[in-house]
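Working notes for the structure below.
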Amino acid sequence: MLRYNLLISTAKIVGMRLVFLMFLFCSSFIVSGQTILPLKERAKVIEAIQEDRLNNLLPQLMSKTNLDMWVIVTREYNEDPIIKTLLPPTWLNARRRTILVFSKDSKSNKVERVALTRYAFGRFFPSVWDKTNEPDQFKALANYIVSKQPKRIGINSSETYGLADGLAYTDYKALYNALPNNYRKRLTSAQPLAVSWIETRTPKEMILFQHLSEITHNIIKEAFSTEVITVGVTTTEDVVWWMREKIRSMGLTTWFHPTVDVQRNENSDLYAFDGQQKLDVILPGDLLHCDIGINYVTLKTDGQQLAYVVKADETKAPNYLNKALAEGNKVQDIFTANFKTGRSGNVTLKLSLEQGKAAGFRPQIYTHPLGTFGHSAGTTFGMWDAQEGVPGSGDYPLQVNTAYAIELNTKVYIEPWQKDIRVMLEEPGFWGENGFRYIHGRQTEFILVGAQKRHLRD
């Protein structure tokens, strides 16, 4: 009977796992908690996302950008960044020379996708190259292109976005030389398509994004707690490495080394702004700041939050710090209220800084696209050292269904400390048809380190 019950329980677990995978992307399904899928299940999710994007998103984008064909050429260990968005989940790298071709039918608007490789490129790209009949891979590519008669052929070349500039010069020359003369002039930059492909988030991805953002927030909350911090003993560097270990123990990875900084009522600097390694011992009355980003399935997060280390006679942060955080939130509100589809990042930045300063704040804004890549392609809203605007990516107009790391700070003078502090905030946000929203909320209160908890009394 015990064995039978174990079998039934096992079957239920397997069934629940399958149900989870089946319903993960249903519009009514809500992810909660910190469930991290095993690698095998993650692979299924990656394929589901890729299939949805290839079937439903790519045809729209190719029509929007007026491209008949998109050619991606990459080599093992010298890979076009776009390949990262298409790589089969069981492949860790492109193999040999990989050539992918997307060809849009003008009548049906369907996109045929093929690989000119020794074998199929995962499930979604059958190989059309027979090396026995045509040993020259680029000649085979040229023959395929001519058979489709495209008018505009997009290649990944861009002066503005490194993520859209993945075609190596050697491969460009080989492609150019293999094409007939009348097709060479049809080659054009695929930057509009490549950027749109990178920046656009689908409904299925946004379910995953919310889950990932929640995980990130929970890691920060745990890091800024007495479970990790022993006040007067633990250093900021200890917390950094706890984060790294915690993330790794969850089966996840970071895409940059986290930072933890201290601001306090004495001489102190922020690591993020002076570039110097700090080994500050965390003390009562400290204002803590962290910067952390993690990878999961097909997406990345990027977030900064603040914590206050309460003193023995405190149950909350001082009012002057709470007011400072509220100013940071107001700067966020001013900034995101200026989001408008079609408006450039530079114009949005200028408006937001002017309005923030007019309201008495001292803001800096340096917000960037976020998704498959941490510092992604799309609309850039300033950089910490380019508050006048960013040429190129700052001129790019805001598009719907895109995600951003809403990253900024404002200086606030703290009278009891006789000095300025920086209220540094960063939260994943989404711009869609219904406007702006934070993907998993934003910080409006300090995380409290060492706050006294209420105890049961007789």
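Bear in mind these aren't lab numbers, they're just calculated from the coordinates by the rules spelled out. Not measured: the values here are computed from a predicted model. In this analysis, Cβ positions are derived from the backbone assuming ideal geometry, glycine residues included, and neighbour counts consider all displayed protein chains.
For the peptides 435-445, 177-187, the ranking by mean Cβ contacts within 10 Å, running from highest to lowest, is 435-445, 177-187. Along its first, second and third principal axes, ordered by size, the range 313-401 spans 51, 32, 24 Å in Cα coordinates. Computed over the Cα atoms of the chain, pair by distinct pair, the Kirkwood hydrodynamic radius stands at 24.5 angstrom. In order along the range 67-73, phi translates into HN-Hα couplings of 10, 8, 8, 10, 10, 10, 10 Hz, rounded to whole numbers, per the Karplus curve 6.51 cos²θ - 1.76 cosθ + 1.60 with θ = phi - 60° and x for Gly and Pro.
Spin-label pair Lys44-Lys110: with each label point 7 Å from Cα along the Cα-Cβ axis, the two points sit 2.7 nm from one another.
Counted by Cβ distance under 15 Å from Gly374, the other residues give a net charge of -3, where Lys and Arg count +1 and Asp and Glu count -1.
With neighbours defined as other Cβ atoms within 10 Å of a residue's Cβ, the residues Ser158, Ser147 order from fewest to most as Ser147, Ser158.
Between the beta carbons of Tyr176 and Thr132, assuming R0 = 25 Å, the FRET efficiency works out to 0.45 to the nearest 0.05. In this structure the amide hydrogen of Ile414, modeled in the peptide plane, comes within under 5 Å of the amide hydrogens of Lys419, Asp420, Ile421, none closer than 5 places in sequence on its chain.
Projecting label points 7 angstrom from Cα along Cα→Cβ for Tyr169 and Ser249 puts them 4.9 nm apart. Here the calculated FRET efficiency for Arg186 and Val400, from their Cβ-Cβ distance with R0 = 45 Å, stands at 0.90, rounded to the nearest 0.05.
Counting only alpha carbon atoms, the long axis of helix 236-249 and the longest principal axis of the chain meet at about 40°. Where both bridge residues fall in the range 39-197, DSSP classifies roughly 65% of the beta bridges as antiparallel.
So if I take the centroid of the Cα atoms in the range 366-380 and the same for the range 86-147, what is the distance between those two points in Å? Using only Cα atoms to place each centre, the spacing works out to 29 Å. Rounded, prolate or oblate, given the Cα gyration tensor of the range 39-197, with a/c below 1.5 counting as rounded? In terms of gyration-tensor shape, rounded. Among Glu199, Glu237, sorting on how many other beta-carbon atoms sit within 10 Å of each Cβ, with the fewest leading, yields Glu237, Glu199. Over the range 201-449, the Kirkwood radius and the radius of gyration, each from Cα atoms, give a ratio Rg/Rh of 0.96. Scanning residues 5 or more positions from Tyr308 or on other chains, those with amide H under 5 Å from its amide H are Leu288, Ile447, Leu448, Val449, with H placed 1.01 Å from N in the peptide plane. Other residues within the sphere of radius under 15 Å centred on the Cβ of Glu433, judged by their own Cβ, net out at +3 (K and R +1, D and E -1). I need the Debye-formula profile for the range 63-125: one equal scatterer per C-alpha, no solvent, reported as log10 I(q)/I(0) at q = 0.16 1/Å, two decimals. For the requested q values the scattering log ratios are -0.53.
Across the alpha-carbon set of the range 124-234, the Rg to Rh ratio works out to 1.27, Rh being the Kirkwood radius.
Could you tell me the calculated FRET efficiency between Ala359 and Val228, based on Cβ-Cβ distance and R0 = 35 angstrom, to the nearest 0.05? E between Ala359 and Val228, to the nearest 0.05, is 0.45. The alpha-carbon of Lys84 sits under 20 angstrom from the alpha-carbons of these lysines, leaving out residues fewer than 8 places away in its chain: Lys40, Lys44, Lys204, Lys300.
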